[in-house]
Amino acid sequence: MTEMYIIENVEARYPKIDTTYIWRDNPDPKKKGRSEPCDPSETGAKYSIQFRMDNATAKKLFMAMSEIYQANKKKGWSEKLVNPFVKDDDGTYTGKSTLKGKYSTGVTKPPMQLDSQGNKLASDFQLTTGSTVNVAVQFNPYDFGGKQNVSLRLRAVQVIKLAARSEYNPFGTVDGGFTIEDANPFAKPAEKSNVVSIAEPVDDFDEAVEEPKKVVKKSAPPPPTADNDLSSVLEAWDD
């Protein structure tokens, strides 16, 4: 296991680090499954966090991973590390760090959660999507199923800026319906301008985040190309 590496000032996406979680299929094949809390000893149990990073952060992280890969590469492994990140439409990259609930050595210690001053947060603290965080990971080169890469084993998360938790709203907007502006017939026009609609945008709905691979219905993302493979565009990033 390597020394700790800190990924700085990234956006947390769908963090599940207050306890271990597992994906459970829905008995109804027409409905999606969901990620649920579980015992750390259960097969498939893990802590996880996705993180969105800018171009420069992604490049720095990938280069560090590549160095570890080359230093630990075994006979028969791919010559170069394959880009594990997903490039988003806005030019940012999304990565993921996980920690199994149990390894051969026994049940793992949960990732530490700290505030911006380094104070340890409560064990049941629930980080929110959209928060700005630092993520401490350890690189773990591996060969599984004939594919080699470097996993990011989650060790700790420092919360720099905590985002407000959004409530899930299953409805969209409809024409001609009731709105909160009609609630008070005596309100003056000026007062109505300060009323906030009850339908607020939502960006944190766990159920839609991680679908099991065997039931993915949408088309799979295209394989890495020269446009989105960091290993083939490092030169283009150099100023």
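The values are calculated or read from the model by the stated rules, or taken from the named source; none is laboratory data. Model, not experiment: these values are computed from the prediction. Every residue, glycine among them, receives a Cβ derived from its backbone with ideal geometry; neighbour counts consider all protein chains shown. Accessible surface is based on the protein model in full, side chains and every heavy atom, while ligands, DNA and RNA are left aside. Shrake-Rupley method; radii C 1.70, N 1.55, O 1.52, S 1.80 Å.
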Region 122-164 scanned against label point 7 Å out from A71 along Cα→C-beta; backbone N under 17 Å for 137-142, 149-153
Taking R0 as 25 Å, what's the FRET efficiency between S166 and M112 from their Cβ-Cβ distance, rounded to 0.05? 0.45
Could you tell me whether region 70-131 comes out rounded, prolate or oblate from its Cα gyration tensor? Rule is a ≥ b ≥ c as square roots of the eigenvalues, rounded for a/c under 1.5, then prolate if a/b exceeds b/c, otherwise oblate. oblate
Probe radius 1.4 Å, ligands and nucleic acids ignored: give me the carbon and sulfur share of the accessible area of region 40-147 as a rounded percent. 50 percent
What accessible area per residue, rounded to a whole number of Å², is obtained for region 1-144 using a probe radius of 1.4 Å? 57 Å²
Computed ³J(HN,Hα) along region 66-75: with the Karplus parameters 6.51/-1.76/1.60, θ = phi - 60°, integer Hz and x for glycine or proline, the list is 5, 5, 5, 4, 5, 6, 10, 5, 10, 4
Tell me, what HN-Hα J-couplings in whole Hz come from the Karplus equation 6.51 cos²θ - 1.76 cosθ + 1.60 at θ = phi - 60° for each residue of region 99-110, using x for Gly and Pro? 8, 5, x, 8, 10, 4, 7, x, 5, 8, 7, x
At what distance in nm do the modelled label points of Y142 and K32 sit from each other, each positioned 7 Å from its Cα along Cα→Cβ? 2.4 nm
What FRET efficiency would be calculated for the residue pair D124, W23, taking the C-beta separation as r and a Förster radius of 22 Å, to the nearest 0.05? 0.55
Taking the Cβ-Cβ separation of S78 and T105 as r and a Förster radius of 25 Å, what is the calculated FRET efficiency to the nearest 0.05? 0.35
Burial ranking of peptide ranges 43-56, 148-161, 121-134 (average Cβ count within 10 Å, highest at the top): 148-161, 43-56, 121-134
Long-range HN-HN contacts of G101 with modeled amide H, under 5 Å: A45, K46, Y47
